[in-house]
Amino acid sequence: MKTISTTRTLLPLALASLIISNAHAHAVVEPQNGTTGTYQKLTFRITHGCDGSATKEVQIHIPENIHGAKPMPKPGWTLSTQTIKLTTPYKSHGKLISEDTSLIVWNEGKLPNEYFDEFSIQVRLPDEAATVAIPVTQICESGRIDWNEVATPDKPAASLKSPAPVIDITAPMHMNGMDHIH
Ligand SMILES: [Cu+2]
């Protein structure tokens, strides 16, 4: 009879890992943490197609508090960007920036469902700590997925069908006088 309890214990664990593993096999961003006010390379990984259909276009929607986004060109894909007028211009290297990149698109490519691939950008992270969702649109030969869902108290991350990649931006740790150990 002992085994039943073991099974009972194992079942939730197996279920939990299934949810977590499913959550990770989506459009994800690396790294998932960053430091305020720093330049960061963000890599978006496309891990499968749309219900098995090959991916032919990837769009990254840049939130307004992510500045100076620049894409990495990718052989076999056509690259384009769009800019918008900022509601809050900012200063960069002494210059006032009033327009910034809002959309980055790689298209006319082909990523079969059996493979995964990565799409990279460089950005300047905001000066304030924040958890930032960076929506991704994946367009396939048939169908599309808008990775744009954001967790709320009612809709926890694990329950989201197409979560937006999220990066957690925190202030740098200060060593408070503990900066050297004898
Ligand atoms: Cu997925």
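The values are calculated or read from the model by the stated rules, or taken from the named source; none is laboratory data. All values reported here derive from a predicted model rather than from experimental measurement. Don't worry about glycine lacking a Cβ; one is built from the backbone with ideal geometry, like all the others, and counts go over all protein chains shown. Side chains are part of the model used for accessible areas, which takes the heavy atoms of the whole protein and leaves out ligands, DNA and RNA. Shrake-Rupley method; radii C 1.70, N 1.55, O 1.52, S 1.80 Å.
For the reader, a short list of remarks on this structure follows.
- Residue that is hydrophobic (A, V, I, L, M, F, W, C) and either in contact with a strand residue (DSSP E or B) (Cβ under 6 Å, 6 or more places away or on another chain) or loosely packed, with under 11 Cβ neighbours inside 10 Å (or both), where the choices are ILE139, ILE134: ILE139
- A single entry from GLY109, GLY94, GLY49 fulfils the requirement of being of a type outside the set (Lys, Arg) and modelled with pLDDT under 95: GLY94.
- Of the listed requirements (1) surrounded by 14 or more Cβ atoms within 10 Å (Cβ to Cβ); (2) touching a Pro at 6+ places or on another chain (Cβ under 9 Å); (3) assigned to a strand (DSSP E or B); (4) aliphatic (A, V, I, L, M), LEU96 misses just one: (1).
- Residue within the range 95-113 that is within 16 Å of the ligand (Cβ to nearest atom) and over 20 Å from PRO163 (Cα atoms) present: yes
- Pair list, Cβ < 9 Å and 6+ apart or interchain, from the range 62-73 residues that are at positive phi to residues that are open to solvent by less than 40 Å² (accessible area, probe 1.4 Å) and assigned to a strand (DSSP E or B): GLY68/SER92; GLY68/ILE97; GLY68/ASP100; GLY68/THR101; GLY68/VAL123
- Remark: pairs (first residue in the range 30-46, on the phi > 0 side of the Ramachandran plot; second residue surrounded by 14 or more Cβ atoms within 10 Å (Cβ to Cβ) and part of a loop (DSSP other than H, G, I, E, B); Cβ separation under 7 Å; 6+ apart in sequence or on different chains) = GLY37/LEU125; GLY37/ASP127.
- Members of the range 105-129 that are farther than 30 Å from PRO75 by Cβ and open to solvent by 30 Å² or more (accessible area, probe 1.4 Å): ASP127, GLU128, ALA129
- Residues (within 16 Å of the ligand (Cβ to nearest atom), of a type outside the set (A, V, I, L, M, F, W, C) and surrounded by 14 or more Cβ atoms within 10 Å (Cβ to Cβ)) located in the range 31-86: ARG45, THR47, HIS48, GLY49, SER53, THR55
- Qualifying residue in the range 16-27 (condition: within 25 Å of SER102 (Cα to Cα), within 16 Å of the ligand (Cβ to nearest atom) and at pLDDT 95 or above): no
- Verdict on GLU149 being in contact with a strand residue (DSSP E or B) (Cβ under 8 Å, 6 or more places away or on another chain) and surrounded by fewer than 13 Cβ atoms within 10 Å (Cβ to Cβ): no
- Residues located in the range 43-82, provided they are part of a loop (DSSP other than H, G, I, E, B) and not hydrophobic (A, V, I, L, M, F, W, C): THR47, HIS48, GLY49, ASP51, GLY52, PRO63, GLU64, ASN65, PRO73, LYS74, PRO75, GLY76
- Scope the range 52-103; condition of a type in the set (Asp, Glu) and farther than 17 Å from PRO126 by Cβ; matching residues: GLU57, GLU99
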